[in-house]
Amino acid sequence: MSILLLTSVPSEEETMWLNSLRASLPEEDIVLQDQVRDKEAVDLAIVANPPQGVLSTLPNLKWIQSLWAGVDALLDDPTLPENSPLVRLIDPTLARSMAESVATYTLMLHRKFPLYVSQQSETNWKQHDMPLAVDRQVGILGLGEMGRASAQLLSQLGFNVRGWSRSLKNVEGVECFSGQQGLSDFLKGLDVVVNLLPLTSETRGILSRSLFEQLPKGAGLLNFGRGGHQVEGDVINALDSGQLSHAVLDVFSQEPLPKDNPLWQHPNITLLPHVAAPTNPGTAVQIVTENVRSFRATEVMPKTVERTAGY
Ligand code: NAP
């Protein structure tokens, strides 16, 4: 049997993935699309932004391994074969990397870094009061792999941490909320809200005026989930009115963000080019290797994405 590596990433990146996967799984026949001799022999696919319409031509595909944690773009593909289960990347290294980003930018807002940067540009020496981390409430939307790791690190830093998920969770040091009813209570009194939700039909557009209005005036926002979570006009209006004091945005509906998008120029936005938690090829290849070997040995599939839920 063969494994198809199917991507639309730049060719040097694709070659890096191919060489790393072949080195880690020498017992497997791993091929690119133009090297497939017999479509019936392909039983697994490893994908990163795969071009549409290819996976559906493989009649014996048992499952699809994504090299990314988020699968919203894959699930948006109308040609994705319905009966091939989808496995997303679950990598503790990725979650730690996300937790580092969440901690970095939460501390940046907590320590009023944007304010001091703007004061420096005006040669303005002015000290502001400095609440302690224990006096701050930080809320994380999404308590999955990314959310839990981030919540735990923030809690270790001394913040009061809340988390919101679809089903109620129990995470040490984190006050947990769930469902639509729990959202309003979760949002009350937050100094910073961090989005780490997957993009689904339920979560699209969640970072909107109605959510911002439930936060205390002057709260901070970190969006490290997906661009489709934020209503860009509502983010700008909330910043202009002071309802939000600052937003750190890593993800956008269109990436790269077009140069004429007003988000680039907003003084109260810190803009990142989708770098909150990039896939780490070294650990990702190890995880894919374990998934493939375990499947070959036992025929048991790794944990799969729940397609109806969208994540
Ligand atoms: P995950 O393990 O699947 O966790 C998702 C969390 O969101 C779960 O706690 C889930 O609730 C919750 N959730 C889903 N739908 C919800 C809803 N309608 N209402 C309330 N809670 C809901 O995902 P993950 O690995 O943590 O990744 C989350 C997202 O981060 C990815 O989908 C991706 O978009 C994004 N991401 C971004 C970057 C970056 O560099 N910016 C990197 C990696 C990932 P339950 O626990 O009840 O299921």
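Quick note: the coordinates plus some simple rules give every number you see, no bench work behind them. A quick note: this is a predicted structure, and the numbers were derived from the prediction, not measured. With ideal geometry, Cβ positions are generated from the backbone for all residues, glycine too; neighbour counts draw on all protein chains shown.
The set of residues in the stretch 49-71 being surrounded by fewer than 20 Cβ atoms within 10 Å (Cβ to Cβ) and within 16 Å of the ligand (Cβ to nearest atom) consists of N49, W68, G70.
Being closer than 28 Å to N83 by Cα, basic (K, R) and either loosely packed, with under 11 Cβ neighbours inside 10 Å or touching a Ser or Thr at 6+ places or on another chain (Cβ under 7 Å) (or both) is the requirement here; does K303 meet it?
Details: closer than 28 Å to N83 by Cα: yes; basic (K, R): yes; either loosely packed, with under 11 Cβ neighbours inside 10 Å or touching a Ser or Thr at 6+ places or on another chain (Cβ under 7 Å) (or both): yes.
In short, yes.
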